[in-house]
Amino acid sequence: MVRVSANERRERVADFVKDTAITFPVLLDMDKTISEQYGIKYLPTTVIIGPDGLVRSVAGLLPEEDLRLQLETIMKRDSK
């Protein structure tokens, strides 16, 4: 899991990561290359990508419980 931040200063992102105790990588997408590659038009957006590199889900900001349910559903579907 990674978080992508677009159009934010590095210092602001670092403060956010520290304040929210995020334990996964945060990528800075200053030139919007990643956003364009995945067709992201609105922020925040949650993109779930499988181990094969294929996009499994694209959604807005998901509360933690909804994200867990989404991941469980995708993992069950992919394990078949």
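Report, in debye and to the nearest 20, how large the dipole of the chain comes out about its Cα centre when Lys and Arg carry +1 and Asp and Glu carry -1 on their Cβ.
Once rounded to the nearest 20, the dipole reads 140 debye.
Derived scalar couplings between HN and Hα for the stretch 43-57 equal 10, x, 10, 9, 10, 9, 10, x, x, 8, x, 8, 6, 9, 7 Hz in order, rounded to whole Hz, by the Karplus curve 6.51 cos²θ - 1.76 cosθ + 1.60 (θ = phi - 60°), x for Gly and Pro.
Show me 48-54, 4-10 ranked by packing, highest mean number of other Cβ atoms within 10 Å first.
Most protected by this proxy first, the peptides run 4-10, 48-54.
Taking the fewest neighbouring Cβ atoms within 10 Å as the starting point, the ordered list for Leu61, Leu71 is Leu61, Leu71. Less than 5 angstrom separates the built amide H of Ile49 from those of Arg56, all sequence-distant by 5 or more or on a different chain. Between Lys32 and Glu72, the contour length at 0.36 nm per residue exceeds the alpha carbon distance by 11.5 nm. Counting only DSSP beta bridges whose two residues both lie in the chain, roughly 60 percent are antiparallel. Candidate cross-link partners of Lys18 among the lysines, defined by an alpha-carbon separation under 25 Å and a same-chain spacing of 8 or more, comprise Lys32.
Taking the C-alpha atoms only, the angle from helix 10-20 to the longest principal axis of the chain is near 60 degrees.
Ranking Ile40, Pro51, Val26 by Cα position along the charge dipole of the chain, where only Lys, Arg, Asp and Glu carry charges on their C-beta atoms, puts Pro51 farthest toward the positive end.
Helical content of the chain, expressed as a calculated mean residue ellipticity at 222 nm, amounts to -11500 deg cm²/dmol (DSSP H runs of 4 or more residues, -39,500 (n - 2.57) each, divided by residue number, nearest 500). Give the angle, between 0 and 90 degrees and rounded to the nearest 10, that separates the Cα long axis of helix 64-78 from the longest principal axis of the Cα atoms of the chain. On a 0 to 90 degree scale, this one is about 40.
Which of rounded, prolate, oblate describes the stretch 3-78, given a ≥ b ≥ c as roots of the alpha-carbon gyration tensor eigenvalues and a/c under 1.5 marking rounded, otherwise prolate only if a/b is larger than b/c? Don't jump to the answer; show the numbers that get you there.
Values: a/c = 2.15, a/b = 1.40, b/c = 1.53.
In terms of gyration-tensor shape, oblate.
Throughout, read-outs are computed from the coordinates displayed, never taken from laboratory work. Worth saying up front: this structure is predicted, and the values here are computed from it rather than measured. All Cβ positions, glycine included, derive from the backbone under ideal geometry; neighbour counts span all protein chains shown.
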